[in-house]
Amino acid sequence: MIIGDIANILVIINALIYAGVILLSTISYETFLYNERNEYGNKLISSNVLVDGFCITNKHSVWWSSHAICFYIDVFFCYLLYRCKVDGIRNKLPATIMEPVNLNIMAHFGHGIAHFIIGYVSTITIENHKRISISNIVWLILFWYGFVRAIFSKLSWKEHVSISTGISFFHLYVPIRFGFTYVQTILLLLASANDLSLKKEDKDCFYTLKACIVNVPIGIVGWLEAYTCDSVLIYIGGHVWYDCTIPISIIIYYIIAKTLYIERTMYWRL
């Protein structure tokens, strides 16, 4: 079993443990509140994460909440990913190496838009916002479509739409505070399971590189956000740091993958 397989298996295990801890911690947190205790006894997960589902600063600001800043940052990183794509074309890198870059531009842009929508909706009275509506269903499908397309690149657009619709249907019934946990869990499970299903001959050094540099850090940063929100992150942008991790990991992957490919090509020419 190669290192990439081990990394992807650990990603799956970590995602499931994280989801379980968040669920149990939320139940524990609500029990403490119900019993009117002054202090929350669970020190593993920050209370702000348990209440909001994210680590959110400036909650009542449409333009400067963590959600809004995530949108601005995500758009910026989409531009950087696009520049990586252009650079990859110029250096004639294989499509298999460029997939994590090319397919995640659209996915990450949709991710940013989703944050802005969540930030806007959270500033209005929750009673005035209908959770299950045509508009919500449409934007959820579009949101998931970008990620599903990036993960299952070999499937047809019809299959992408079908999978996205199924995931979105269940997403509608997930309590808002568990929205982030649901998204992270589904994405990490699908991405890692799909990578593990690749044929042995397709699991080269670039497969291992993607598993270790792109897949693994996301789950780790999720724990850091949950643990350090109340004490650190809520004062310096909150969930923004999690969002930055995704494109930065992809860019680092691209730089290393490009270097390895060029060195290999030069060696073969000698």
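If you go through the stretch 47-65 and keep only what is out of contact with any Cys (no Cβ under 7 Å at 6 or more places or on another chain) and closer than 15 Å to C244 by Cα, you end up with F54, I56.
Scanning the stretch 175-211 for residues that are under 30 Å from S47 (Cα atoms), of a type in the set (A, V, I, L, M, F, W, C) and more than 15 Å from the chain's Cα centre (by Cα) gives a single hit, I176.
Can you tell me which residue among G4, G53 is crowded, with 16+ Cβ neighbours inside 10 Å, modelled with pLDDT under 95 and closer than 25 Å to K258 by Cβ? Matching residue, one of G4, G53: G4. Annotation for the stretch 128-139: at least one member residue is in contact with a Leu (Cβ under 9 Å, 6 or more places away or on another chain) and either at pLDDT 90 or above or not in a helix (DSSP H, G or I) (or both). Test F143 against the stated conditions and say whether it is buried (at least 16 other Cβ atoms within 10 Å of the Cβ) and out of contact with any Lys or Arg (no Cβ under 9 Å at 6 or more places or on another chain). Yes: the conditions hold for F143.
Listed here are the residues, each with its yes/no results for (1) in contact (Cβ under 8 Å) with a residue 12 or more places away in the chain; (2) among the hydroxyl-bearing types (S, T, Y); (3) within 15 Å of I12 (Cβ to Cβ).
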| residue | (1), (2), (3) |
| --- | --- |
| H171 | yes, no, no |
| A191 | yes, no, yes |
| N194 | yes, no, yes |
| S197 | no, yes, yes |
| K200 | no, no, no |
| V214 | yes, no, yes |
| Y235 | yes, yes, no |
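For the stretch 183-202, the criterion of being closer than 24 Å to Y261 by Cβ and in contact with a Pro (Cβ under 8 Å, 6 or more places away or on another chain) is met by no residue. Of the helices (runs of 4 or more DSSP H) lying entirely inside the stretch 188-270, those carrying at least 3 residues that are over 21 Å from A7 (Cα atoms) and of a type in the set (S, T, Y) are 240-269.
The values are calculated or read from the model by the stated rules, or taken from the named source; none is laboratory data. Computed from a prediction, not measured in an experiment: that's the story for all the values here. Quick reminder, even Gly has a Cβ in these numbers, built from the backbone with ideal geometry, and neighbours come from all protein chains shown.
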